[in-house]
Ligand SMILES: CC(=O)Nc1cnc2ccccc2c1
């Protein structure tokens, strides 16, 4: 009863492990479908990526926060037809609570801010503006067996409490700073920037004004954005069809699709005679990005709306200019989310982005920019020559560690010295400490350099007095 995918996976494993016969393995030895294991080599790359996320966040004065992967399903109740909501990894726990593995982090950020807010007065007990970041693992339960991943880590950066475009600019600057740090220039990636506020003006012209709800309380504008976000994937006719289903006439749909093709924000403004405030914000954003120094990464694109219901203003997404990959990162302004959760006193402006760990790795692989992290290995491998010297070897290791040295204490004395050498070489150690009876008698240990030889190509070793170790 093996599925094609399982057979494929088993064959890949056999090839990788060079096993001839197909040993039958209990299925639980494979992690749950759509999840990844990070063995040390992959973990070194993941840590490199996250270190760059953290260094960038620090450079921009952001502070790290975290929260449980488990959240109440209620936190994500949005009636806009979003895939991310449809595919929640939700379940009922043993006390009957409807919980879910978080599909995204922004609602949790909102929950944390409101946890420090007086909902009656809207007074936030935190010092605004907040610049917070986190690198949470987020989950989805794919409805179709598209074999896609069910988890990813997503670097989240958010600014809470700034209602003007400086917040968007700061976040875009941080994203571009990160790209630069890992060697991805504006020739390789771009960030398409748009404003939903301008699109809102288009819809208002067609009777879909801000905040208009459908029969079961869903916000029409949000639903339109979720549909338009699918344009690249499903094409104009299908979008027109979906818009029709939520009550947007085909002539309005045609106008909307036309607005998405506007080549510049001015053009878009002319086409819709929109309120200049939204347009001016976008213009200001591009001006500031130039002055800031990362303008080359940005491009205006009227078709970008992003697929999350709660965005209200400027939105953006990073893409690879060769156009082979899915969006690398996405973000935008979401000024109404805290009010949605906390009530009308909590009109706190927010902007943020999410940056997944998968697409960026595909891009880095393609560009050959993933550093090679062969294990650097410990400073010392300490080896006891006989079982009764293991305690002495352990104490020597302890002393060496006091000096800040990294020490791999061999678990059991190997039968032959040669085997110990092999182990030491495999660990990539710099030096080897032999704890042997004769030397210990003389109160010394023999330390051998495993990396350099003397002028005759001989190994270099010294007998070090035990009391000179720490
Ligand atoms: C490219 C990719 O793996 N995307 C991905 C993977 N897992 C997710 C899990 C939750 C939400 C979004 C997710 C998105």
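List of remarks:
- Filtered residue count, the range 55-80, keeping only those that are under 18 Å from the mean Cα position of the chain (by Cα) and within 12 Å of the ligand (Cβ to nearest atom): 1
- Going through (1) modelled with pLDDT of 95 or more; (2) in contact with a helix residue (DSSP H, G or I) (Cβ under 9 Å, 6 or more places away or on another chain) one by one, residue 145 falls short only on (1).
- The helices (runs of 4 or more DSSP H) found entirely in the range 384-452 that carry 1 or more residues being modelled with pLDDT of 90 or more and buried (at least 16 other Cβ atoms within 10 Å of the Cβ) are 390-402, 437-441.
- Residue 128 meets all of the listed conditions (1) more than 19 Å from residue 356 (Cβ to Cβ); (2) at pLDDT 95 or above; (3) within 16 Å of the ligand (Cβ to nearest atom) but one, namely (3).
- Checking each residue of the range 183-201 against the condition of being within 16 Å of the ligand (Cβ to nearest atom), touching a helix residue (DSSP H, G or I) at 6+ places or on another chain (Cβ under 6 Å) and closer than 26 Å to residue 338 by Cα gives no match.
- Residue satisfying all of: in the range 163-176; in contact with a helix residue (DSSP H, G or I) (Cβ under 9 Å, 6 or more places away or on another chain) and surrounded by fewer than 19 Cβ atoms within 10 Å (Cβ to Cβ); farthest from residue 295 (Cα to Cα) among these: 164
- Enumeration of residues in the range 355-411 that are within 14 Å of residue 428 (Cα to Cα) and either within 16 Å of the ligand (Cβ to nearest atom) or touching a strand residue (DSSP E or B) at 6+ places or on another chain (Cβ under 9 Å) (or both): 377, 378, 379, 380, 381, 382, 406, 407, 408, 409, 410
- Near pairs, Cβ below 8 angstrom, 6+ apart or cross-chain, from the range 83-107 (under 20 Å from residue 352 (Cβ atoms) and in contact (Cβ under 8 Å) with a residue 60 or more places away in the chain) to any residue that is more than 15 Å from the ligand (Cβ to nearest atom) and in a helix (DSSP H, G or I): 106/337; 107/337; 107/341
- Test for residue 205: is it touching a strand residue (DSSP E or B) at 6+ places or on another chain (Cβ under 6 Å) and touching a residue at least 40 places away in the same chain (Cβ under 8 Å): no
- Where residue 215 falls short, out of the listed (1) without any contact (Cβ under 8 Å) to a residue 12 or more places away in the chain; (2) not in a loop (DSSP other than H, G, I, E, B): (2)
- In the range 111-123, the qualifying residues are those that are more than 27 Å from the chain's Cα centre (by Cα) and crowded, with 16+ Cβ neighbours inside 10 Å, and the one that is farthest from the ligand (Cβ to nearest atom) is 122.
- Within the option set 343, 332, 356, 307, being surrounded by fewer than 23 Cβ atoms within 10 Å (Cβ to Cβ) and on the phi > 0 side of the Ramachandran plot holds for one residue only, 343.
- Scanning the range 65-80 for residues that are touching a residue at least 60 places away in the same chain (Cβ under 8 Å) and touching a strand residue (DSSP E or B) at 6+ places or on another chain (Cβ under 6 Å) yields 65, 66, 69.
To keep it simple, each residue is scored yes or no on (1) modelled with pLDDT under 95; (2) part of a loop (DSSP other than H, G, I, E, B); (3) within 30 Å of residue 170 (Cα to Cα); (4) out of contact with any strand residue (DSSP E or B) (no Cβ under 6 Å at 6 or more places or on another chain).
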{"residue": "6", "(1), (2), (3), (4)": "yes, no, no, yes"}
{"residue": "16", "(1), (2), (3), (4)": "yes, no, no, yes"}
{"residue": "28", "(1), (2), (3), (4)": "yes, no, no, yes"}
{"residue": "33", "(1), (2), (3), (4)": "yes, yes, no, yes"}
{"residue": "38", "(1), (2), (3), (4)": "no, yes, no, yes"}
{"residue": "46", "(1), (2), (3), (4)": "no, no, yes, yes"}
{"residue": "51", "(1), (2), (3), (4)": "no, no, yes, yes"}
{"residue": "56", "(1), (2), (3), (4)": "no, no, yes, yes"}
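- Residues of the range 81-110 satisfying the condition of being away from the ligand (no atom under 16 Å from the Cβ) and either part of a strand (DSSP E or B) or in contact with a strand residue (DSSP E or B) (Cβ under 8 Å, 6 or more places away or on another chain) (or both): 92, 93, 97, 98, 110
- In the range 51-101, the residues that are loosely packed, with under 13 Cβ neighbours inside 10 Å and over 30 Å from residue 129 (Cα atoms): 86, 92, 93, 94, 95, 96, 97, 98
The values are calculated or read from the model by the stated rules, or taken from the named source; none is laboratory data. Here the structure is a predicted model, which means the values were calculated and not measured. For neighbour counting, all protein chains shown are included, and Cβ atoms are generated from backbone atoms with ideal geometry for every residue, glycine included.
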